[in-house]
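J.: Got a structure for you, questions after.
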Amino acid sequence: MKKIVLCSFLCIGFAAGIMAQQTKPPAPVYPIPSARQLAWHQLETYAFIHFTTNTFTDKEWGFGDEDPKIFNPSKVDAGQWAAVLKETGFKAMILTTKHHDGFTLWPSKYTEHSVKNSPWKNGKGDVVKEASDAARKAGLKFGVYLSPWDRNRADYGSPSYIMYYRNQLKELFTNYGPIFEMWFDGANGGDGYYGGKKEKRKINGATYYDWPATLKLVRSMQPDVLFFSDAGPDIRWVGNERGMAGETNWNSINPDTLYAGKAGITALLNTGSEDGTKWIPAEVDVSIRPGWFYHASEDGKVKTPEQLFDIYLTSVGRGSNLLLNIPPDRNGVFHPTDVASLKGFKKLLDERLSHNLAKHAKVVASNTRGNAAAFSGAKITDGNRDTYWATDDGITTADIEVWLPAAKKISYVLLQEYIALGQRVRSFVVEAQEGGNWKEIATGTTIGYKRILKIDPVVTSAIRVRITGAKGTPLISNLALY
Ligand code: FUL
């Protein structure tokens, strides 16, 4: 008898071993993210810092004729920016090194419209240096915004300006350490000072900048940088500045006809396309205030912690990253109201989305790839983002149940796909166990890197997710309940 038990034990173990060996990971469903895009997804939340002469002229778009002397903060405390961001969960900061007015926050040797001609630190100051140093010291990544549109330059619109823009990139990308993201936007051309001409200039957004050559130059200096613009190539604009990614949000899109500033593409940018050929995920940029720059008149209009939490749900909670702008005031620091809001926002995140009730909960899946432990349902509650539940090839609809040790009140359901092998899920249903029956509590379309559903609170001992449509075998790396 003992022998039989021992044998069957060994045999089962042996068979399982063979099966595990034989069960290959699913093939990718293309497009898939690059390693640097994958690392970018994991940042989730980071900050924009809009700071320049506009802070002192009370404008949003400087004309380019500002006297550099107007830039005169009583101090610039980038250490405060970094400390607040770190404390409130942000992973990086992106600084407007030059906005549309052309004023450079670093002492560029290619222009006089610069901090070097301001009274701040007797013209010896360098905001880019202070910000990049402070970010790195706090363990935050650092990125730059360099406006392609320059309302100060006399030669804006002619080929020599492109050389000027590239020279500035050389300064930024060789003097300030690693830059994780370069941000350039589509606000291009229009009226400006232009060296005194004060006229309207129009450029051809599709051809003028010759972006491929510019990006190649930047990559030759820093191969790991990610480029953000309407059209990517690494990260795309989400199509609005209200903090809203599409409820359907594909990381894929066809970039062939996109370019920064092209009209009529905002809806497409918001959702991406299921059949897109390139992985270009959306980034949600939105300001904590109505404007991007600091205006004392907006001190009473700072977004509340609740508003920031809602934005978190419609950005990170829809598979995007959140780039939240916090503009330093005329003292060169974040305003106390903004700081209080950020702290309140972090508190809400901690209260509402940090205690995962599904951690190590029992999971039952309708199908498991090769019946292998490596792809079992348990992988969605193991707290490891590198493991995932997978189904057999050809199975694109499947159910997964999560059973809690006792009934709990659930208000949020969080799902994550294992996107390293491509985004797959196009529709799903969430159900709660109620008196022996499953009751639908939410439906969704895409999941992507992360999907957070706010539901009407329900007290239940089990949740079932039914994947009702997918581009390939669904790969779910995480399910959390709060
Ligand atoms: C836009 C700019 O025109 C705004 O001033 C702001 O910098 C925003 C983030 O990008 O294109």
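J.: Using the Karplus equation 6.51 cos²θ - 1.76 cosθ + 1.60 (θ = phi - 60°), what ³J(HN,Hα) coupling, rounded to whole Hz, does each residue of segment 100-112 give in order, writing x for Gly and Pro?
T.: Computed from phi, the couplings for segment 100-112 are 4, 6, x, 6, 9, 7, 10, x, 5, 7, 9, 8, 9 Hz.
J.: Give a residue-ordered list of calculated ³J(HN,Hα) values for segment 182-192 (Karplus: 6.51 cos²θ - 1.76 cosθ + 1.60, θ = phi - 60°; whole Hz; x for Gly, Pro).
T.: 10, 10, 9, 10, x, 7, 9, x, x, 7, x
J.: For N240, put the label point 7 Å out on the Cα→Cβ axis and report which residues of segment 320-336 keep their amide N under 11 Å from it.
T.: Under 11 Å, as judged by backbone N against the label point of N240, lies no residue of segment 320-336.
J.: Ok, one more. Divide the volume of the convex hull of the Cα atoms of the chain by its number of residues and quote the answer in cubic angstrom per residue.
T.: 156 Å³
J.: Using alpha-carbon pairs under 8 Å, 6+ residues apart, how would you state the relative contact order of segment 155-252 in percent?
T.: For segment 155-252, the relative contact order is 27 percent.
J.: So, one more: Over the Cα atoms of segment 362-481, how large are the radius of gyration and the largest Cα-Cα distance (Dmax), in Å?
T.: Both quantities, over Cα of segment 362-481: 13.1, 38 Å.
J.: For I410, enumerate residues with amide H under 5 Å from its amide H, sequence gap 5+ or separate chain, H modeled in the peptide plane.
T.: Close amide H contacts, sequence-distant or interchain: V458, V459, T460.
J.: Still on this model: Taking just the alpha carbons, could you work out the radius of gyration and Dmax for segment 217-314, both in angstroms?
T.: Spelled out, the Cα radius of gyration and Dmax of segment 217-314 are 15.6, 46 Å.
J.: When DSSP beta bridges are limited to those with both residues in the chain, what percentage is antiparallel, rounded to the nearest 5? The partial results should precede the final answer.
T.: On the way: 45 of 73 bridges.
If we restrict to bridges inside the chain, about 60 percent are antiparallel.
J.: Only Lys, Arg, Asp and Glu count, each charged at its Cβ (+1, +1, -1, -1), so figure out the dipole size of segment 362-481 about its Cα centre, rounded to 20 debye.
T.: 260 debye
J.: So, one more: If the limit is 23 Å between Cα atoms, which of K137/K343; K116/K200; K124/K200; K59/K197 go over it? Working shown, then result.
T.: Details: K137/K343 21 Å; K116/K200 28 Å; K124/K200 34 Å; K59/K197 21 Å.
In this structure, K116/K200; K124/K200 lie more than 23 Å apart at Cα.
J.: For segment 442-482 and segment 161-195, what is the centre-to-centre distance using only Cα atoms, to the nearest Å?
T.: Result: 41 Å between the Cα centres.
J.: Mind listing which GluC sites (Glu not before Pro) in segment 253-361 are in a DSSP loop and have 16 or fewer other Cβ atoms within 10 Å?
T.: Working: sites: E274, E283, E298, E306, E351; in loops: E274.
Here the GluC sites (Glu not before Pro) that fit, given the DSSP loop and packing criteria, are E274.
J.: Give the aspartates and glutamates reachable from K439 as a straight Cα distance under 17 Å; neighbours fewer than 8 places away on the same chain don't count.
T.: Counting by Cα, and skipping residues close in sequence, K439 has these aspartates and glutamates nearby: D399, E401, E431, D456.
J.: For the chain, build the charge dipole from Cβ charges (+1 Lys, Arg; -1 Asp, Glu) around the Cα centre, then report which of W292, T174, L146 sits farthest towards its positive end.
T.: Farthest towards the positive end: T174.
J.: Which three lengths, in whole Å and largest first, does segment 42-125 cover when its Cα atoms are put on their principal axes?
T.: Principal-axis extents of the Cα atoms in segment 42-125, largest first: 39, 25, 24 Å.
J.: Looking at segment 63-168, what % of its DSSP beta bridges pair antiparallel, to the nearest 5? Show your work: numbers first, answer last.
T.: Details: 1 of 8 bridges.
The antiparallel proportion sits near 10 percent.
J.: Then there's this: Any lysines with Cα under 30 Å of the K24 Cα? List them, leaving off those in the same chain fewer than 8 positions away.
T.: K278, K359, K362, K379, K450, K471
J.: Taking all pairs of different Cα atoms in segment 64-216, averaging 1/r and flipping that mean, what Kirkwood radius in angstroms comes out?
T.: 16.2 Å
J.: Something else: Output ³J(HN,Hα) for segment 410-419: one whole-Hz value per residue in order, computed from phi by the Karplus curve 6.51 cos²θ - 1.76 cosθ + 1.60 with θ = phi - 60°, and x for Gly and Pro.
T.: Whole-Hz 3J(HN,Hα) from phi for segment 410-419: 10, 10, 9, 10, 10, 10, 9, 8, 7, 6.
J.: A further question follows. Please compute the contact order of segment 365-447 in relative form: average sequence separation of alpha-carbon pairs under 8 Å and at least six residues apart, divided by the residue count, as a percent.
T.: 21 percent
J.: From Cα pairs below 8 angstrom and at least 6 apart in sequence, can you work out the relative contact order of the chain, rounded to a whole percent?
T.: Computed over the chain, the figure is 15 percent.
J.: About the Cα centre of the chain, what is the dipole size in debye to 20, counting +1 per Lys and Arg Cβ and -1 per Asp and Glu Cβ, all else neutral?
T.: For this selection, approximately 980 debye.
J.: Could you give the length gained by full extension between D191 and S273, i.e. 0.36 nm per residue of separation minus their alpha carbon distance, to one decimal place?
T.: Here the answer is 26.0 nm.
J.: For segment 267-355, what class follows from the C-alpha gyration tensor (a ≥ b ≥ c being the square roots of its eigenvalues): rounded when a/c is under 1.5, otherwise prolate if a/b is larger than b/c, else oblate?
T.: Oblate is the answer for segment 267-355, as a/c is 1.5 or above yet b/c matches or exceeds a/b.
We did not get these values from a lab; they are worked out from the coordinates using the rules stated. From a predicted model like this one, the values you see are computed outputs, not experimental measurements. Neighbour counts run over all protein chains shown; Cβ positions are idealised from the backbone, glycine included.
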